[in-house]
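In what follows, a structure is listed as structure tokens, so that the remarks can point back to it.
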Amino acid sequence: MVESIMPPIIEVEGLNFYYGDFRALHDIHLKVVRNEVTALIGPSGCGKSTFLRLLNRMNELIPGTRVEGKVLLDGVDLYDPEVDVVEVRRRVGMVFQKPNPFPKSIYNNVAYGPRLHGMAGGSELDKMVEDSLKASALWDEVKDILDQSALGLSGGQQQRLCLARAIAMKPEILLMDEPTSALDPIATSRIEELVKELKKDYTVVIVTHNMQQAARVSDTTAFFYVGRLVEVGNTEMIFTRPSEEQTEQYITGRFG
């Protein structure tokens, strides 16, 4: 595998993860390069989403879980007891599988986080909301209805609103857990175009079951199978010249 010349923003070293006595992830080593899109692929239940949630400590919300190893963000271990988990989740934003807007106005969905954290107010908050909606390619569709409920938007619009809500917190990294699985093809295409645009300003890690999507949007692809990272590398190489037979079998549809 050819190493990227760009420095990694995330380095995962010797990561093991347990649900009670069950070991869900085995000795994961992975580097995520700044301002790239990294896709995590593999069959259902192979540990992709579990791994993704470890990057912003979301798995801590599940009782009985345990982490071994290191997840370094700019050289700082996110699991160090001194690290503030709230700050971790501000720096590492997340968009989930199903759109989950708050039952509030479109404006207040985006403004909620910055307001809660005292990041902005007044005209500064207005600009932050506008900039976030523009970054998620939603501004032109909602600029005249900002006071209306977010629940009235279409599924695709709701997912872009959730993306705007994450962007408003000014994260360094955006995690996306199958963000298009509940969307129609047109809305899926919009999100994919957005992902490619967003890497100019953010580092993106995306879990997807759709191998064509991984091939379209990512720079690096990591293939997970039964809790192990089988192979990681340049996306074109993974899809055309994988090193591991398991990867080739999955890519060509022989299992999974």
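Please treat every number below as a calculation from the coordinates, not as lab data. This one's a predicted model, so the numbers in the text were calculated from it and none came from an experiment. Glycine gets a Cβ as well: all are built from the backbone with ideal geometry, and neighbour counts include every protein chain shown.
Each peptide among 206-215, 77-86 gets the average number of other Cβ atoms lying within 10 Å of its residues, and from highest to lowest they stand as 206-215, 77-86.
The GluC sites (Glu not before Pro) found in region 1-72 that occupy coil by DSSP, while having at most 10 further C-beta atoms within 10 Å, are Glu3. Taking Lys and Arg as +1 and Asp and Glu as -1, the other residues whose beta-carbon sits under 14 Å from that of Lys127 total 0. Given Lys31/Lys170; Lys143/Lys196; Lys31/Lys143; Lys48/Lys134, which pairs have Cα atoms separated by over 28 Å? Listed pairs above 28 Å: Lys31/Lys143; Lys48/Lys134. Highest-first packing order for the peptide set 219-228, 26-35, 92-101, 120-129 is 219-228, 92-101, 26-35, 120-129, based on the mean count of other beta carbon atoms within 10 Å.
Can you check how the C-alpha radius of gyration of the chain compares to 2.2 N^0.38 Å, as a plain ratio?
Numbers: Rg = 18.3 Å, N = 256, 2.2 N^0.38 = 18.1 Å.
Scaled against compact globular proteins, the figure is 1.01.
Please report the antiparallel percentage of the DSSP beta bridges confined to the chain, to the nearest 5.
Working: 25 of 42 bridges.
Looking only at bridges with both residues in the chain, the antiparallel portion is about 60 percent.
Helical runs assigned H by DSSP (4 residues or longer) give the chain a calculated mean residue ellipticity at 222 nm of -10000 deg cm²/dmol, each run adding -39500 (n - 2.57) before division by the residue total. Protection proxy ranking, highest mean first, for peptides 183-192, 168-177: 168-177, 183-192, where packing is the per-residue count of other beta-carbon atoms within 10 Å, averaged.
What does the charge count around Arg254 come to, taking other residues whose C-beta lies under 11 Å from its C-beta (Lys +1, Arg +1, Asp -1, Glu -1)?
Working: positive: none; negative: Glu245, Glu248.
In short, -2.
FRET efficiency for the pair Ile62 and Glu236, taken as 1/(1 + (r/R0)^6) with r the Cβ-Cβ distance and R0 = 35 Å, rounds to 0.45.
For the chain, with only Lys/Arg (+1) and Asp/Glu (-1) charged at the beta-carbon, what is the dipole magnitude about the Cα centre, in debye rounded to 20? Display every interim value, and only then the final one.
Details: 28 positive and 36 negative charges, 94 e Å.
Here the size comes out at about 440 debye.
Between region 242-256 and region 1-63, the C-alpha centres lie 20 angstrom from each other.
Based on C-alpha pairs under 8 angstrom that are at least 6 apart in sequence, region 166-256 has a relative contact order of 21 percent. Take the Cα of Tyr19, step 7 Å toward its Cβ, do the same at Asp131, and the gap between the two points is 4.0 nm.
At a threshold of 8 angstrom on Cα-Cα distance, excluding pairs fewer than six apart, so keeping six or more, what relative contact order does the chain reach in percent? Dividing the mean separation by the residue count of the chain yields 28 percent. Report the paramagnetic label zone for Glu244: residues of region 197-234 whose backbone N is under 14 Å from a point 7 Å from Cα along the Cα-to-Cβ axis. Under 14 Å, as judged by backbone N against the label point of Glu244, lie 221-234 of region 197-234.
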